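This report concerns only the one structure given below.
The values are calculated or read from the model by the stated rules, or taken from the named source; none is laboratory data. Only a predicted model underlies this, so the values are computations on that prediction, with no experimental measurement involved. With ideal geometry, Cβ positions are generated from the backbone for all residues, glycine too; neighbour counts draw on all protein chains shown. Heavy atoms of the whole protein, side chains included, go into the accessibility calculation; ligands, DNA and RNA do not. Shrake-Rupley method; radii C 1.70, N 1.55, O 1.52, S 1.80 Å.
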Amino acid sequence: MGRFWLGATGVFMAGLLFTGAVDNEFYFFSGYVILQGLIMATAWNILGGFTGYVNFGSAGFFAVGAYISVALHQALALPLPFLILASGMVCGLMGLATGYLTLRLKGIYFAISTLAMAIVLETVITNWEYVGGASGAYILTPKDSLFFASYVELLFMVMLIIAIAAVAFARYLSTSRTGKGLTAIRDDELAAECMGVPTLRLKLVSATAMGVFMGMAGAPFPFFITFVDPLSAFSLFIAVNAIAMPLIGGTKVWYGPVIGALILGLTQEITTVTISSELNLLIVGVVLIGFITLAPGGIVGLVQDFSRKRLRSKAAPSAGGDR
Amino acid sequence: MSAPLLDVRNITKSFGGFVALNDVSIHLAPGERLGLIGPNGSGKTTMINCVSGALFNDGGAIVFEGRDITKLPAYRRARLGIARSFQIPKPFRSMTVIENLLVPLEFAAWTRIDHGRINEEAFDILERIGLADLAHKNCGDLTQIDMRKLELARALAARPNLLISDEAMAGLSSEEVDEVLEILFTLNEGGVAVIMIEHIMRAVMRYSERIVVLDAGRKIAEGPPDDIVHNPDVERAYLGE
Amino acid sequence: MFSGELFFNAIVSGLLIGGFYAAVALGLSITFGCLEIVNIAHPTFVIFGSYVTYILNVNFGLDPILAGLVFVPAFFVLGMFLYRFYYASFERAGQESLNGLAFFFGLMFTVEVLLILVYGVDYRLVSAPYIGQTWHLGYIDFPLRQTVPFVVGTAMTIGVYLFLSKTFLGRAIKAVSQDRLALQLMGADPIRVKQYAMGIAIATAAVAGSLLIILGPVEPSQGRLYIGRVFAMVVLGGMGSVSGTLIAALLIGVIESFVATFYGPSWAPAVSFGLLFITLALRPQGMFGRA
Amino acid sequence: MFMKFAMRRRMLALCGMVAAALFLTQAMAPTTARAAEPIKIGFSMALTGALAGAGKAALIAMEIWREDTNKQGGLLGRQIEFVYYDDSTSASKVPGIYTKLLNIDKVDLVVSSYGTNEISPAMPIIMRKGLVFMSLFGLAVNDRFKYDRYFQIMPAGPVPKEDWSRGFFDLAMAQNPKPKSIALLAEDAEFARNAVAGARINAKKVGLNIVYDKTFPFGSKNVTPVIRAIKASGAELIYIGSYPHGSVGLVKAANELGLKAKMFGGGMVGLQFAAIQKNLGPMLNNIVNYDFWVPEPTLKFEGVEAFLKKYQAAAKGKKVDPLGHYLPPYAYAYLQILGQAVNTIGSLDQKAIAAHIHATTFNTVVGPVSFAENGEWAKTRTLQVQFRDIEPNNMDQFNHAGKRIVLYPKSVKSGEIVYPYK
């Protein structure tokens, strides 16, 4: 068991302890929203950050996840874990299909088709009366919350598990041989292909994984919010966050989106209850643009540059004139 | 003639209405050094794009080591032993020099190498090419000549039987050209067949055992360098009517 | 309920709205098609154009179209500045794919929020003497509220088409990303050419914005509704082909109008985006583009 | 090694920052214990995002109520304080906000945000705490939750979906000869779809033939084909559920195409707002549409004019509806009811307050209000008003009687219907 898994287990145990020790539900609601952002950001980054294929339709995957959950809950009253798995599977297939149709083209076409796909999906769900269509659907919070004090604590732990799974998968991808192939694709796809990297297959793997985790992030949403309609499920804010968090944190490494999600998510939760106004939204936009233009490597990139400089300036006097 | 390593049979490729390659055949023996020349827009790059799999030809067939690879995607061809360098260097910019070599080692050559010795392999290649000092440098900081060398080193790391070198010397000084030629000669001595596309005539003439000339998508001449120099068709193609 | 009256009116109505769509897609056809800059914030600039139109119309009673035209030079400069910034930040470093795209995304979001900060989320409307009037030709209706945007939008598109094919700068713009050699032979500096091209593209947004607000009320986040649609038109029309974009815009207008008239209006957006999706998957060079 | 160390140190610093930020929120939140403790009313409100226009107008009205009440001595002799956060019209923020209000800010009373989407996410939290929940313009939220301390101020009526359009149908069926056919059209979002769903039920009940029944996409730009299809259907009545953007497009298209019908309107949101009324001008004439308050003599309840005067003064330059007829009086009234109930009971005992609200008819700026079992108005007072003699480009006209005649319900009727529409 590596240090990562020790850390992950630590985070999980801390989460459990937190649910046991803290009564104040506010933290769980806030935590849920931040974790949702974290999963979305990590999922987005598996494709967008690792291979450079931008997905504008994150909200579409998320919403489909949420609505699969609504539909199966209504039809079969399946318990939450099954709903999450089903949503993950459907959205994974969706990622695979979109990828198969468009990933052979230049990245920009993929970006546009995800945008188009999100709108097609919104239209479909708006007209799908079984899940409430445009009028929305109510999902009453189940009474049973296992051994947790309240249902939101259960949801919080569920999200924590999904988050750990998503981050672990992203880490596995980026540190494995596959990860090297993905990086090669991002740097130069043609060169990668000519160096023996099966680019289409790797892109499909990423697109599928992205879909799976976005769907999983969406599945518990109806239970969290109790009333879901297309406008709240396909919210632009979700799509913006899924892109902004990795870009702010750093797209090249698996922990970039995690850092971005924690910082941006916390800031958003804090500003909501302190200084909220349009200015607050403006800050997100300006910070995003600022990072993209000034620090394209995100926070991780900044830290790396900084420590490299420090290393150099420390090494300089002793190694002076060596080379 | 021994069984060819590469046999390009009557391939055709057009873009919209523009015919870039028209019924061109090329063959190459194992370990042979072939020069591919022609004026701008004659179809050289299209040809090697078709051979390496970056493009698919419309008609004709490509056979490599007796196997029809016409429909194989580029990465499969790389795994079979066809490697190429690019005219405009395409390094993996976010990686260091040695990491650039690990990509072909781990993908193209994966089934043919000892997985435990992969870093040593990469170092060996860098040493042979003369880039060992720069192994951990970010490849964005390389000079022009080092960038060209990296292109070759990376192609080499794919453990090819056939190396296609696409204008590896464009823009280099006379000494640098010699340096690259030296590398290509050593490579060939190791048994790798080479197709060299080059505008620098001095280099092609010195390096090639045989030369193929393309003009406007057709093969207009083929033969040893000395014959090609005196071929009237070739002269016309280069100098105009 | 199928009748000649419905049928021909559906066609006319679709063409009228299609002319307006062309005006919105035109700028993107230049930036995306010719310059390969993925300005997904373009529709938001159109909304911005609507708001400046609104200001002049409400405060000075200026005709909306005139108001849009007044702002064309300012938008032109804005576009040039935007390209300079884009070039310095992304294109020069070869980072346009991921970061450039995300930049426009952030820009869209920021402009939208700025408009909300200044004007709130209320719907803004303009008044003009022709809004509400209708011409009739037999049983076919030409509501001026849609006919005026159609005429102006189509005229602008044709104007830009002529400019691109007949002038030196226009040809340079068309060559700038496809044919570097031709550009060099023409002796044009690609950066300057792109700068002017972006200026023209954003300038069209000022006019398209005035057309949008003539058609109906405008609020800041509305631009998003158009992103997919205009990209659909540019891709369907064959990247960078202004004439193709015009045809695609008219076609999408007519298809939407048919779906709305004869089937269910609520499926209209899925139809045009579905078309885009299928085009991308099967024939990415566009329906009217060359391979 | 050094890099790792530097990294770890920076991570530590980061964690520190996060912790500090968390601490700050705690510190910045209003502190609880204080002498002569005020009563805290907590709520979430859409101050940014799509519904910010409504949310801000509601907040202005609520603040007027707070000032008015504090001047008269507050509640239970204590001054009133608001603790509110912006949900930015994003439903996912609502649960967090209400748990913060209840668990950290320890508010004494809660009221809702504006609109169905932002009300229902708060319900499970409020229900678990057993608080009285006054809600602002949610449509049929309690149908699913069945919470007996939920009270909704929008005068939809006990069966919200159907009561909503009851007036429209009562008016239509009272005409001679009776209309026979109806077209139904809904914009694709929650309220409009529900309103039309109710209209569909009503239409079937009175035996109307539904000749057109479609929905169109939210925010659609080109509604001309829709109006043309409706025109071709030959429907005598046209009932529409739509949002501001769609409403404006539909009214303009109907005029441009010379749409003829016996009655046209119903559930069009947007026609209640001054800016849109001014822009549409005479195109509005004869449309019969729902509304909640108009300056007709039959609706001049005690206090409403004084309130609107304050509102209109406060609304200047705030990017909200300048006249404030539609929503603000109700945002004032839902607090009025809560305040009256608290003062009568004399404590914050939620059970007693809820029981009292159920049992009482309250006098408010929107008239007498009493609640049904499910927390909706005991009887619908969704007005059907008809636009009359509207002049172009004149906003002030809507501040006076005679422009929006109340046709329904009978209790507040101020004129007779002009029939047919065109």
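Residues in the stretch D:209-219 that are among the hydrophobic types (A, V, I, L, M, F, W, C) and within 29 Å of the chain's Cα centre (by Cα): D:ILE210, D:PHE216, D:PHE218.
Scanning the stretch A:177-195 for any residue that is within 16 Å of the chain's Cα centre (by Cα) and open to solvent by less than 10 Å² (accessible area, probe 1.4 Å) turns up nothing. Just one of the listed residues (A:GLY52, A:GLY31) is within 24 Å of A:THR183 (Cβ to Cβ) and either out of contact with any helix residue (DSSP H, G or I) (no Cβ under 8 Å at 6 or more places or on another chain) or open to solvent by 10 Å² or more (accessible area, probe 1.4 Å) (or both), namely A:GLY52. Total residues in the stretch D:42-60 satisfying the condition of being more than 8 Å from chain C (Cβ to nearest Cβ), in contact with an Asp or Glu (Cβ under 7 Å, 6 or more places away or on another chain) and either aromatic (Phe, Trp, Tyr) or assigned to a helix (DSSP H, G or I) (or both): the figure is 1. Any residue that is surrounded by fewer than 20 Cβ atoms within 10 Å (Cβ to Cβ), farther than 26 Å from C:PRO220 by Cα, at pLDDT below 95 and in contact with a Pro (Cβ under 9 Å, 6 or more places away or on another chain) - is there at least one of those in the stretch D:335-347? No. Inside the stretch B:23-44, residues that are open to solvent by 50 Å² or more (accessible area, probe 1.4 Å) and within 27 Å of A:LEU105 (Cα to Cα) make up a count of 1. Pairing each residue of the stretch A:26-43 that is touching a residue at least 40 places away in the same chain (Cβ under 8 Å) with any residue that is open to solvent by 10 Å² or more (accessible area, probe 1.4 Å) and of a type in the set (Asp, Glu), provided the two are 6+ apart or on different chains, yields C-beta distances under 6 Å for A:SER30/A:GLU269. In the stretch D:290-311 there is at least one residue matching the filter, namely being of a type in the set (Ser, Thr, Tyr), open to solvent by less than 10 Å² (accessible area, probe 1.4 Å) and either in the same structural domain as D:VAL226 (by TED's automatic domain parsing) or touching a strand residue (DSSP E or B) at 6+ places or on another chain (Cβ under 7 Å) (or both). In summary, helices (runs of 4 or more DSSP H) completely within the stretch A:220-310 and bearing 1 or more residues that are in contact with a Pro (Cβ under 7 Å, 6 or more places away or on another chain) and crowded, with 19+ Cβ neighbours inside 10 Å occur at A:221-225, A:236-249, A:255-272. Listed conditions (1) more than 20 Å from the chain's Cα centre (by Cα); (2) open to solvent by 30 Å² or more (accessible area, probe 1.4 Å) are all met by C:VAL121, apart from (2).
Helices (runs of 4 or more DSSP H) wholly in the stretch C:107-219 with at least 1 residues that are in contact (Cβ under 8 Å) with a residue 12 or more places away in the chain, within 27 Å of C:ASP63 (Cβ to Cβ) and charged (D, E, K, R) - which ones?
Details: elements: C:144-166, C:168-175, C:180-186, C:190-215.
Ranges flagged: C:144-166.
On inspection, D:LEU250 fails the criterion of being over 24 Å from C:LEU16 (Cα atoms) and more than 9 Å from every other protein chain (Cβ to nearest Cβ). On inspection, D:ALA275 qualifies as small (Gly, Ala, Ser), assigned to a helix (DSSP H, G or I) and under 24 Å from D:PHE218 (Cβ atoms). Residue-level check: of (1) open to solvent by less than 30 Å² (accessible area, probe 1.4 Å); (2) closer than 29 Å to B:PRO4 by Cα; (3) more than 18 Å from the chain's Cα centre (by Cα), B:ILE62 misses just (3). Which of the numbered conditions does D:LYS106 fail, given that it passes all the others? Conditions: (1) of a type in the set (Lys, Arg); (2) without any contact (Cβ under 8 Å) to a residue 60 or more places away in the chain; (3) out of contact with any helix residue (DSSP H, G or I) (no Cβ under 6 Å at 6 or more places or on another chain). Result: D:LYS106 fails condition (2) only. Here C:ILE37 passes the criteria (1) open to solvent by less than 10 Å² (accessible area, probe 1.4 Å); (2) in a helix (DSSP H, G or I) except the one numbered (2).
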